[in-house]
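The values are calculated or read from the model by the stated rules, or taken from the named source; none is laboratory data. Just so we're clear, the structure is a prediction, and the values are computed from it rather than from any experiment. Here the Cβ positions follow ideal geometry from the backbone for every residue, glycine too, while neighbour counts run over all protein chains shown.
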Amino acid sequence: MSIPERVAVRLRVNGEEAALMVPPYKTLLEVLREDMALTGTKHGCELGESSTCGVLVDGKPFLSCLSMPLDLEGREITTVEGMSADGRSHPLQIAFAELGAAQCGYCTPAMLLTAKALLDRDPHPSRGAIMEAIAGVLCRCTGYLKIFEAVELAASRVGTPAR
Amino acid sequence: MTSSADDLSIVGKSLIKPDAFSKVSGQTKFADDLALPRMIYGRILRSPHPYARILHVETSRARAHPGVLAVLTGDDLPVKFGILPISQDEEALARDRVRYVGDPIAAVAATDEWIADEALDLIEVQFQTLPPVMSIEQAIAGNGEPIHGKSNVHKTVALEFGDTGEAMRAAAHVREDTVFFEGNTHLPMEQHAALAQVAADGKLTLWTSSQTPHYVHRALGKVLEMPMSRIRVIATPNGGGFGGKSDIFSHELVAAKLALVTGRPVKITLTREEVFYAHRGRHPVLMKVKTGFTKDGRITAMQFQSFLDGGGYGSYGVASTYYTGALQATTYAIPRYRFEAVRLFTNKPPCGPKRGHGTPQPRFALETHLDKVAEELGIDPVEIRLRNLPKADSRTVNWLRITSFGLEECINKVVEGSGFLKRRTSMPAGRGLGFAVSCYLSGAGTAIYWNDMPHSEVQLKLDRNGGVSLLCGAIDIGQGSDHILAAIVAEVLGVSLEDIQLTTADTDLTPIDLGSYSSRVTFMAGNAAKAAAENVRDRLFEVAARALQCDRDDLIARDHRIVRRNRPAEGMDFAQAVQLAEADDGVVTGTGSYTPPKLAGPYKGSGVGPSPAYSYSAAVVEVDCDTQTGEVRVPEVWIAHDIGRAINPMLVIGQVEGSVYMALGEALMEEQTFRLGLHKFPSLLEYKSPTALETPIMHTYLVETIDREGPFGAKEAGQGPLLPVIPAVANAIYNALGVRIDEVPITPDKVLKAMNDKAKRVGPKSVPAFDFPPLIDADVPDEWQGK
Amino acid sequence: MLRLPRLRYLRPRTVDEAAEMAAANPGSMFIAGGTDLVPNLKRRQFDVSTLISLNALPAGAAVDGAAKRGLEIRAGATLDELAAHPALDGPFRALAQACALVSTPQVRAMGTLGGNLLVDPRCNYYNQTHSWRKAVGFCMKKDGEICLVARSSPRCWAVSSSDSAPVALALDAQVTLHGAEGTRRIPVAHLYRDDGIDYTNKRRDEVMTTIHFPAVEGRVTSAYWKLRRRPSFDFPILGAAVAITWDDGLVSQARGALGAVGSQPVDITPLLQGLKGTHPDGEAIAGVAEAADKPSRPLDNTDLSHYWRKRMTKVYIERALREACGLAPLEGRLTAQVKASAT
C-alpha cells in the first residue's frame, strides 16, 4: 500500500469544525500552524521536551507536537486563540498581562492553557498544585514566580464579579 | 534633570507593558510564525566531524531531487564575516575546513521540509578528518593543524596596574585558588528562525529573530556584496535571547541568498539541535585567582588568570576574554591588579555572550575565593566585602568610572532579610546559607565597530490627534524594552502609554540602536528616547508659551495637557499644542540620540569594561543538601539589585527573578559537554534546565541610587542579578556540608565525591603552563598612584 | 521543524483487526499515546511505513476489580488517570506513584500504562537525531554494528527506562497479549528480555490489552522511588520498587525490582529475603539495602555518572523499603519525592 498524500480530517478547534485535507503524518502542531494559521501554538523542540506546543484536548493539557490529528476527531481542541471569548480576555490572560508573567511570550500560550486546565478542575489551587500543574512547561525568562502569582491572581478573581 | 518620584506619573510605576496583551493572546508574531505566499523552506547540511578538511562537495543528486529549487555551497557565499571587525573568521557555509560538529557546509531550498531533508541526505561531502582539539589543554599543546592561523591561541591579554608582585610579597596574607566554570548555553524557548523575501525590484527583506538587527544588516551587505540600502532587516520579537541571538548566523545569510537565487520567499527555522550548534554561549573558563590581604582583610593586590575555551570561531570572544578580568575592580577597591587571559580555539560550537557576558565565571572564582579568605582570617563573609568596597564617583585602578554605587545597601538588604549572620552558624544538618555580591555594566561604552556615531537613536512623530509614533532600532527580547521606550516618552510628554505607537527594529524605518545586548537598551535607548521626547516637548512648549503668553520654562506636560506649572488651569490639551506646532512649522517630529561618554583608560584593551554606569547586586542563597546523595535544592533566595531607578518595578523584578532562575540552572545543572567530538546531548530533555518545581521562594529588593547619567536615573537589570547567585550557591554548600565544589555546575556526584574526599573538595588542581605575553605595565589613575 | 517520516496511519476498531493489520504490514508499529514513539520516529530511530493506532479501539473502564480479588488495568489507561485512581491507593500504591512520576502532566495525560511498560530502552548514544547518530557513527540498535557505550560488547546496552515496569515486576503482575494467532497471558517477569534491542517477548503483532495484578491476601504495602535530575520531564536513571506482604506485623513476603540499571527491570526479590519473618527496623533495612544493589550495573549512557548511579542504588532501595515499612524518612536528608513547596 502506498502512503496517501493527504487524508480528510475533521477537527473541532476552539468550538469550530474544520474539514481539512492533510498528510496523515502531520502532527496536530503542524496542522494547527500550517494548515489552520493558528500560530499562537508554538514549538520549542517538537519532541515533547518543552511543552511549548501545549494545547487542550477535552480540557486536558496535551502536546500538539506528539498528537496525531486522525485520533483527535470528535474531540474538543483548545488553543490560545480560543481562550478569549466574545472579545474578552480570559482572567488568566489578564492576570498574566498585569503581573508581567509573559516576558518573551513564547511559552505563554502553553502556560495559559495549562493553567486554564488546572483552574477548570481546581478553581482555587494551592501554590504546590500550581507548581505541579505547570511543571511540564519550560520557561527560560521568568523563573516561574510571576506565573505562579498570575495563576493565583486569576483564581482569586474567579467567581467575583467582573470589574 | 532629576525628577523626584512624586513628579512622575508613568516612570516608577508597575504598569502593563505595551506588548503584554499581544503576547497573552498568542498574536505576537515570532519569526517562524510568519508565512508568505509561495514560501519555500531552507535546510542546512552540517559537519559530522569536529575538525576536517572539505575535499569535495557533490550536490548534483540533491539538485536533481524533485521539489528542490536551489542548493548552495560555500563557494556561493565566499565572503568572510564575524561580529567583531577583528574576528572576521566565519563563512556562511564552510569552504575549506569545518571546525565543529554542526558547522554549516551546504544548504538547500525545497518546496517542503521533507524534501529539503531528503536533499540534504543526497549531498555527498568528502572529508579529510583532522585530529580534533576538545579542551583547553589540548589547544595549548597544539599538536596538529591549528584551528585558525598559526596557533590555537585566539587572543591573549597581559595587563598590570601597579606592581602586584611587590604587593604580594608585602601582604600579610596571600591565597591562591583555581576553579573551573563549565560552558553552558542560552536555551531560548524559541528556536532561531529567519524568513527572506526578494521583491520584484530586487530589494531583499529579512525577518529574523535577532537581538542585533543592525549587525545582521551590516553582515548581509558585506557577505551578499549588496548595498545596505537594498537590504531591509526586520527583527521579530525574540522568544528569548539571553545573548544567544546577538551574533550573525549562517541561516540568516543562507536564507537571504536562497531567496535571491530562487526568487521565492525562503524560511529557515533551526531545529533544537541546531540551536545548540549555533550556541555563542557561556565560555568554559579555567581560572586562577591570587590575592594579597592585610591582616584585617583589606585587599592589597590581585592577580587573575583566565583560560577560555572559545570553540571554533572568534565570535565575541575578544570581548569575552577582556570581560573575564574587567569587573573585579568595580566590585572591590583593588589597589594593584594584574590580569592575564588567553582565549583558545577548540573544535566545539563557538562561544560568545550569554547573560553576564564573560563575568559569571570570574565572579564565581572571586566570590568563592573571598569566602575562603574570610574564614582563614576569621572575618565573616559580609565584613570582608564591606571592608573592600569602592566608593561612588570614583575610578578603579583599571580606569573604570563608577558613578552611583548601591552595593552596600544591597548587602544590608539581603543580610538583614535572610538573617544571614545569625542563621549561618546554626543551620540544621544539610542546610546552609551562602553570600556573594557582584557588579555589571549598563551597556558597553564602546561600539562593536569603531565609529563616532551614537549608540542609540530614537525618532518621534506627533499626530495631530495626540498620538505619538516612536521609532527605534531596539528589539524587545522579552525584557520589556518596548515598555521602557514608551514609558519614558509618555512621561516626558505627559501622555499615556496607550498614546505611544511603537515601531522597532526595522532598518528601513527605525533609526539605529546597536541591539539588545550588554544590558544597554534601558540606559542608552532610554536616554535617546528621553532626548527625543524633550526635543519635541520643547517645540510644543514654544508654541504653547506663545499662545498662553507665558514663559516656556513655566510650562509642564502632564495628563495630556500642557499647563503652567503653578497655574494648572491655564493651559491647553496636548493635541491642541501639537496642532499649533503643526500649523506653525509643519510635521512635528523630533529625534534623540545617545552616545556614551568616552571613558576608556590609556592602555590597549581599555575599550572592554567601561560603561556609563554599573549596576550592583548582592545575594544570599539557602541550600538544602541530601547528605546521602549529594543532591542540592535551593529553597530560598534573597537578592538585592541596585537598579538606579526602576522605570517599571514589576519588569525589573521580572528580570531579577529570571536572572536568579538562570543562575540556579547554571550553578546546579546546566552544562555543555562533549564526547567523541560531539555535543553530548543537544536536546531540551538532556540539557537540564530547571522546571517550575525547582523554583525557590525569592525575596527581591530593589535599591534605587538615581544614577546621574541614566534615563531618570535608571541602570540595568537584565544581567547583573544573575552574577552573585552562582557563587552564593557554592558558598552555601560549603556552609551546609563543609565541602568546596570549585567547579560549576555543582552536580550531586561532585558533592558526594567531595564529601568522601580527604581535602573535602572537587575542582581543578592547577592551570596549564602557558607563556603569556610580557605584561603591559599600564598607568593607573592618580588616586591609585603609589598605593 | 522536526517532522515524522512519511507514513500511513491506520485506525483499527477492534484488537483483532489491529493484530491482523500488524501481521499484514511488516513495516508497521502500534501507536497509543505516542509520547515515546513519536519523538523516536522524528529522530528516525525506527524505519516505519505504517502506524497502527490503538486509539480507536473500544475503551472500557481504566481499572476493574479490587485488591482483594485482583485488579485488571486496561493497557490503554492513561498514566494520569492511574496516578489518581482510588483503586491504586492501597496495596498497589507503588504503581500510582510510578505513573505520577512519569515525565510531565502533558505526557501523563497522553501516555498509557501499556506504552510505559513497553518504552523503548534508552541510551544517550541512541536517543538522538539521525544526523547526530550518523556523525558519531551509528550504533547496533539502529543502523550500526557496535555498541558505543561498550565497544567490544556483542549486545546492546540500552537502558530500560520505564517507571511502571519495576513496579509491575515487584507486584508480580501479568499481562495479556492479543495477537493475530491468539491471546496469551504471561507474567511480567517473562515479558522482558535482557537486551537493549529485543527487549520484550511480545511479538510485533501482539497488542498488550490488560495488566493483571494478583489478589492480595493480608496486608500489602508498596513503594516506588525514582532517581532523576529534575522533578519533571526526566526519565528514571534509577528506579526502586518494593512490595511487602505483612502477616501479623511481620514481613511474610518481600519483593522488589530495580529500573534503569540494565536493559530490563531487574528482580531483587531474592536479595530482600533477609526481611522475611522480621519487623524490620532502620538498621535491618539499611543492611538489606546494602547487599541488594548487587545486580545494579549502570553504564555511562544516561544522565549523570554511572559510578554515582551505582552508589545511589542502595540508597534508593533503602528509601523505598523504609517507606513501604512505614518508617519516617531519614533525618537531615532530602526526600526527593517531596516537592519544593513555596510560601
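Please indicate, with yes or no, whether at least one residue in the range B:324-336 is assigned to a loop (DSSP other than H, G, I, E, B) and more than 20 Å from B:Thr291 (Cβ to Cβ). No, the range B:324-336 has no match at all.
Restricting the search to strands (runs of 3 or more DSSP E) fully inside the range C:1-81 and requiring at least 2 residues that are free of Cβ contacts under 8 Å to residues at least 40 places away in the same chain, more than 30 Å from B:Ala31 (Cβ to Cβ) and more than 14 Å from chain A (Cβ to nearest Cβ) gives C:63-66. Per the conditions (1) touching a helix residue (DSSP H, G or I) at 6+ places or on another chain (Cβ under 6 Å); (2) assigned to a loop (DSSP other than H, G, I, E, B), the sole criterion not satisfied by B:Ala392 is (1).
Entry remark, the range B:36-45: residues being within 13 Å of chain C (Cβ to nearest Cβ) and either surrounded by fewer than 22 Cβ atoms within 10 Å (Cβ to Cβ) or touching a Ser or Thr at 6+ places or on another chain (Cβ under 7 Å) (or both) number 1 in total. Tally up the residues in the range B:752-782 that are within 14 Å of chain C (Cβ to nearest Cβ) and more than 30 Å from the chain's Cα centre (by Cα), please. The total comes to 6.
Conditions (1) out of contact with any helix residue (DSSP H, G or I) (no Cβ under 8 Å at 6 or more places or on another chain); (2) surrounded by fewer than 21 Cβ atoms within 10 Å (Cβ to Cβ), marked per residue:
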site: B:Asp163; (1), (2): yes, yes
site: B:Ala170; (1), (2): yes, yes
site: B:Asp201; (1), (2): yes, yes
site: B:Thr208; (1), (2): no, no
site: B:Gln211; (1), (2): yes, no
site: B:Tyr215; (1), (2): yes, no
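Within the range A:1-58, the residues that satisfy the criterion of being without any contact (Cβ under 8 Å) to a residue 40 or more places away in the chain and of a type in the set (S, T, N, Q) are A:Ser2, A:Thr39.
The conditions of being crowded, with 24+ Cβ neighbours inside 10 Å, within 14 Å of chain C (Cβ to nearest Cβ), under 14 Å from the mean Cα position of the chain (by Cα) and not small (Gly, Ala, Ser) are not met by A:Leu92. In the range A:73-89, the qualifying residues are those that are free of Cβ contacts under 8 Å to residues at least 60 places away in the same chain and either assigned to a loop (DSSP other than H, G, I, E, B) or surrounded by fewer than 24 Cβ atoms within 10 Å (Cβ to Cβ) (or both), and the one that is farthest from the other protein chains (Cβ to nearest Cβ) is A:Asp86.
Just one of (1) among the polar types (S, T, N, Q); (2) in contact with a Lys or Arg (Cβ under 9 Å, 6 or more places away or on another chain); (3) without any contact (Cβ under 8 Å) to a residue 60 or more places away in the chain fails for B:Ser60. It is (2). Tallying residues that are under 14 Å from C:Lys314 (Cβ atoms) and free of Cβ contacts under 8 Å to residues at least 24 places away in the same chain within the range C:271-282 yields 1. Screening A:Leu11, A:Leu70, A:Leu32 for residues that are assigned to a helix (DSSP H, G or I), more than 13 Å from chain B (Cβ to nearest Cβ), farther than 23 Å from A:Ile130 by Cα and among the aliphatic types (A, V, I, L, M) leaves exactly one candidate, A:Leu70. Exactly one residue among B:Ser87, B:Ser60, B:Ser4 is out of contact with any Pro (no Cβ under 8 Å at 6 or more places or on another chain) and modelled with pLDDT under 95, and that residue is B:Ser4. Close contacts from the range B:278-307, counting a first residue that is acidic (Asp, Glu) and a second that is assigned to a loop (DSSP other than H, G, I, E, B), with Cβ to Cβ under 9 Å and a gap of 6+ residues or different chains, come to B:Asp296/B:Ala172; B:Asp296/B:Ile379; B:Asp296/B:Arg387.
The listed residues are B:Asp779, B:Asp771, B:Asp749, and the only one of them that is free of Cβ contacts under 8 Å to residues at least 40 places away in the same chain and out of contact with any Asp or Glu (no Cβ under 8 Å at 6 or more places or on another chain) turns out to be B:Asp771. Residues that are of a type in the set (A, V, I, L, M), more than 24 Å from the chain's Cα centre (by Cα), farther than 19 Å from B:Ile268 by Cα and buried (at least 21 other Cβ atoms within 10 Å of the Cβ) within the range B:68-100 comprise just one, B:Val98. With respect to B:Leu460, determine if the residue is assigned to a strand (DSSP E or B), at pLDDT 95 or above and more than 27 Å from A:Tyr106 (Cα to Cα). Spelling it out, B:Leu460 is indeed assigned to a strand (DSSP E or B), at pLDDT 95 or above and more than 27 Å from A:Tyr106 (Cα to Cα). Contact annotation: residue pairs with Cβ atoms under 7 Å, 6 or more positions apart or on different chains, pairing a residue in the range B:418-447 that is on the phi > 0 side of the Ramachandran plot with a partner that is of a type in the set (D, E, K, R) and assigned to a loop (DSSP other than H, G, I, E, B), are B:Gly430/B:Asp626; B:Gly430/C:Arg333; B:Gly443/B:Arg520.
Assessment of the range B:5-26 against the conditions (within 30 Å of A:Val80 (Cβ to Cβ), in contact with a helix residue (DSSP H, G or I) (Cβ under 7 Å, 6 or more places away or on another chain), in contact (Cβ under 8 Å) with a residue 40 or more places away in the chain and more than 13 Å from every other protein chain (Cβ to nearest Cβ)) yields at least one matching residue. Looking across the range C:41-54, just one residue is in contact with a helix residue (DSSP H, G or I) (Cβ under 7 Å, 6 or more places away or on another chain) and surrounded by fewer than 18 Cβ atoms within 10 Å (Cβ to Cβ), and that is C:Phe46.
Answer with yes or no whether A:Gln103 is more than 28 Å from B:Lys688 (Cβ to Cβ), among the polar types (S, T, N, Q), surrounded by 21 or more Cβ atoms within 10 Å (Cβ to Cβ) and facing another protein chain (nearest Cβ under 7 Å). In short, no.
Checked against (1) β-branched (Val, Ile, Thr); (2) in contact with a Leu (Cβ under 7 Å, 6 or more places away or on another chain); (3) within 21 Å of A:Ser50 (Cβ to Cβ), B:Val233 passes all but a single condition, namely (3). For the range B:155-186, a residue qualifies if it is within 14 Å of chain A (Cβ to nearest Cβ) and in a strand (DSSP E or B), and exactly one does: B:Asn184.
Only one of the listed residues (B:Thr705, B:Thr691) is touching a helix residue (DSSP H, G or I) at 6+ places or on another chain (Cβ under 8 Å) and hydroxyl-bearing (Ser, Thr, Tyr). That residue is B:Thr705. When we screen B:Thr73, B:Thr59 for residues that are within 26 Å of B:Gly149 (Cβ to Cβ), away from every other protein chain (no Cβ under 14 Å), in contact with a strand residue (DSSP E or B) (Cβ under 9 Å, 6 or more places away or on another chain) and polar (S, T, N, Q), the only hit is B:Thr73. Working carefully through the options B:Leu206, B:Leu220, find the one that is free of Cβ contacts under 8 Å to residues at least 60 places away in the same chain, away from chain A (no Cβ under 14 Å) and part of a strand (DSSP E or B). So the residue among B:Leu206, B:Leu220 that is free of Cβ contacts under 8 Å to residues at least 60 places away in the same chain, away from chain A (no Cβ under 14 Å) and part of a strand (DSSP E or B) is B:Leu206.
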